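Here the structure comes first, spelled out in structure tokens, and everything after it is commentary.
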Amino acid sequence: MRNIIASFLLSSILMTGTSCFGALSADHLMLGEIKYGATISDVEKQYGKPLKIDRDKEPSGEKIEYKYDNSIEFEFINGKLQEITVENQSNAKTKAGIGIGTDVATLKSIYGEPDKIHEEDYIYFIEGMQGIGLKFEIKNGKVHEISCGLLD
């Protein structure tokens with residue numbers, strides 16, 4: 001009986017510990033009210049025409065970058081949104097309400113511990129989607145830049 005109780009407690013502790021980590025679901029892939037995988041048309045409906053458009057050929061297809069003056073950038077491959085990046089004074093937020101200037105404690109209270117920390121970046125991966133997620137660059141204890149989508 002003692003072994004059963006001990007096993008149950010150990011399992012509970014391990015399961016609780018892993019729940020702080022763990023990939024986010026795909027519905028978290030949204031930044032600035034635009035979802036990962038959106039079309040160019042979807043972005044233009046929300047933000048209008050960009051100030052700057054860059055085009056390039058990649059092995060995976062045509063790459064188009066839309067840059068807006070409010071510090072938000074969209075990167076498309078073959079017409080589908082692959083990455084959204086916000087920085088500086090952008091007021092764009094994630095679906096959970098995290099934006100530029102959010103403190104690390106709030107970030108962790110919403111998303112838990114990051115799946116990976118690389119230098120100043122807190123990275124949260126989407127379950128079942130390799131290399132896709134949310135990346136928060138932290139400076140002075142606050143979110144300085146956010147990327148959503150395919151993370152380099």
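The values are calculated or read from the model by the stated rules, or taken from the named source; none is laboratory data. Note that the structure is a prediction, hence the values are computed from the model and not measured. Neighbour counts are summed over all protein chains in view; Cβ atoms, including those assigned to glycine, are modelled from backbone coordinates with ideal geometry. These accessible areas exclude ligands, DNA and RNA; they are computed on the full protein's heavy atoms, side chains included. Shrake-Rupley method; radii C 1.70, N 1.55, O 1.52, S 1.80 Å.
With respect to ILE53, is the statement that it is at pLDDT 95 or above and closer than 24 Å to LEU24 by Cβ true? So ILE53 fails the test. For region 68-96, filtering for residues that are open to solvent by 60 Å² or more (accessible area, probe 1.4 Å) and in contact with a Pro (Cβ under 8 Å, 6 or more places away or on another chain) leaves 0. Put simply, of LEU10, LEU24 the only residue that is touching a Phe, Trp or Tyr at 6+ places or on another chain (Cβ under 6 Å) and at pLDDT below 95 is LEU24. One residue alone among SER109, SER60 is under 14 Å from LEU150 (Cβ atoms) and open to solvent by 60 Å² or more (accessible area, probe 1.4 Å), and that residue is SER60.
If the condition is being among the aliphatic types (A, V, I, L, M) and under 18 Å from ASP152 (Cβ atoms), then region 45-92 contributes ILE64, ILE72, ILE77, LEU81, ILE84, VAL86.
Being in contact with a Ser or Thr (Cβ under 9 Å, 6 or more places away or on another chain) and among the hydroxyl-bearing types (Ser, Thr, Tyr), is that true of even one residue in region 112-123? For region 112-123, residues in contact with a Ser or Thr (Cβ under 9 Å, 6 or more places away or on another chain) and among the hydroxyl-bearing types (Ser, Thr, Tyr): absent. Taking (1) touching a Leu at 6+ places or on another chain (Cβ under 7 Å); (2) more than 20 Å from TYR68 (Cα to Cα); (3) of a type in the set (A, V, I, L, M) in turn, ILE117 satisfies each apart from (1).
Out of curiosity, is SER41 open to solvent by 20 Å² or more (accessible area, probe 1.4 Å) and more than 20 Å from the chain's Cα centre (by Cα)? Considered against the rule, which asks whether it is open to solvent by 20 Å² or more (accessible area, probe 1.4 Å) and more than 20 Å from the chain's Cα centre (by Cα), SER41 comes out as yes.
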